[in-house]
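What follows draws every value from the coordinates through simple rules; no lab data is involved. Remember, it's a predicted structure, so these values are computed and weren't measured experimentally. Here the Cβ is made from the backbone with ideal geometry for all residues, glycine too, and neighbour counts use every protein chain on show.
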Amino acid sequence: MTEGGQARRFVVEADGGSRGNPGPAGYGAVVRDGDTGEVLAEAAEYLGRVTNNVAEYRGLIAGLRAAAAIDPSATVEVRMDSKLVVEQMSGRWQVKHPDMKPLAAEARTAFPAGRVQYRWVPRKENKHADRLANEAMDAGQAGRAWEPKPPPQASPVTAAPVSGASAEPTADQGAEPKATAPVGWAAPADMGKPTTLVLLRHGETALTPEKRFSGSGGGDPALSERGRWQAERAAASFAARGTIEAIVSSPLRRCRETAQAVADALGLEVRVEEALREADFGSFEGLTFAEVKERQPEALNAWLASPRTAPPDGESFVAVGRRVAAARDRLLARYAGRTVLVVSHVTPIKTLVRLALGAPTEALYRMELSAAAVSAVAFYADGNASLRLFNDTSHLR
């Protein structure tokens, strides 16, 4: 309480980030005097491998606990640049994801809920908490514990890190992806040579023009005549550029045939990566969208409603994401600093792109990828990634 008997006012600024989503993650939180803006407490912690939203909730919990340690009778205004957390904690959005529910419940008990208000702010107004989160991630990845830097003037309280990160979620639905370090053109110049994955979707098969589901659970069709022509055009284009140093392919025939056309033109061998296969579409395999809608409407609606839902006897997009992320990590370790052609399918390629962007799984529904299209992503050693090209078919014209 203040000397006049009125409750003290605190501002809690909180943030969290994940370099990979999920990936190495951390949070930062600041408690300020609501009247003077003075920093009263800081908290930050490295969380290991979790998602952006888990880290953001952990930052919120740490900030509220730090405020409660100073004065549990105060009122608090929470300021965050996570629309998801602010809307959920304000009660305007439901907390649907099972990994978020316990975190939201923990946040509500960290400080008396009736004395907490939430306000969304642009990221540029949340720089202090963002800096702390990045400091925690840098320290954790270097094998150190985060330690607060001495402020220009001594702060009354420095909050200890809040221990206990939540278990890693399999996917973070509704996530609000966030770059926690400079990316793309803003990235520092000393990040070293990136590992570039040039992503080539296979050429057409007989099923492609009819837009039939063709995954890894049905047949294994070969390239059609047009598909072979597309593969040859792609091979000629890569040969002219002369930048490909290695070739990796899905085990499915249409990809291996496409990859071999390029390999023959470049004089390289094709290495097969099992995890780059297409999603298993289960009972949808071989059918058009209209046919599935007519025969299995409930299954189709459930599959479209959530990337966690698999077609009957098939594989969900979340499951595909887990194996593709693991394949990406293997490729980056095996081919560090090199340019690698990855010949795969719609779902794995879209997944690699959305992982590079830190986008949620739902982003797969918002991308279009043509047969024999080329995309490219550069991955840096510090966890940054840069999308350089997407769905380019200029070599087919």
- prompt: So, with +1 on the Cβ of K and R and -1 on the Cβ of D and E, and no other charges, what is the size of the charge dipole of the chain about its Cα centre, to the nearest 20 debye?
  reply: 440
Candidate values [x] 22.0, 66; [y] 24.2, 78; [z] 24.2, 84, label of the one derived for Rg and Dmax of the Cα atoms in Å: [z]
message: Cut-off 10 angstrom, C-alpha nodes, Gaussian network model of the chain. Which of 20, 337, 267 fluctuates the most?
response: 267
query: So how tilted is helix 317-334 from the main axis of the chain? Cα-based, degrees 0 to 90, rounded to 10.
result: 80
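Is there a quick way to get the dipole size of the range 92-155? I mean about its Cα centre, with the Cβ of Lys and Arg at +1 and of Asp and Glu at -1; what is the value in debye to the nearest 20?
Dipole about the Cα centre, nearest 20: 360 debye.
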field: Gain upon complete extension [residue 290, residue 83; 0.36 nm per residue less C-alpha separation]
entry: 70.9 nm
- line: residue 6 and residue 362 label points (each 7 Å along its Cα→Cβ direction) are spaced in nm at 4.1
query: What dipole magnitude, in Debye to the nearest 20, does the range 2-155 give about its Cα centre under +1 on Lys/Arg Cβ and -1 on Asp/Glu Cβ?
result: 480
query: Relative to the longest principal Cα axis of the chain, at what angle does helix 346-357 sit, 0 to 90 degrees, rounded to 10?
result: 30
message: Give me a comma-separated list of calculated 3J(HN,Hα) values for the range 204-218, in order, Karplus coefficients 6.51, -1.76, 1.60 applied at θ = phi - 60°, integers in Hz, x for any Gly or Pro.
response: 5, 10, 5, 7, 4, x, 8, 6, 8, 4, 9, x, 9, x, x
message: How tilted is helix 225-241 with respect to the longest principal axis of the chain? Cα atoms for both, answer in degrees (0 to 90, nearest 10).
response: 60
field: For the chain, calculated [θ]222 nm from helices alone, where every DSSP H run of n ≥ 4 adds -39500 (n - 2.57)
entry: -10500 deg cm²/dmol
message: If each residue of separation counts as 0.36 nm, what is the full-extension length gain between residue 301 and residue 387 once their alpha-carbon separation is subtracted?
response: 27.8 nm
- request: Report the residue, chosen from 209, 312, 72, that carries the largest GNM mean-square fluctuation when the chain is represented by alpha-carbon nodes joined by springs under 10 Å.
  value: 209
query: By a straight-distance test (C-alpha under 16 Å), which lysines pair with residue 96 as possible cross-link partners, with residues fewer than eight away in the same chain excluded?
result: 83
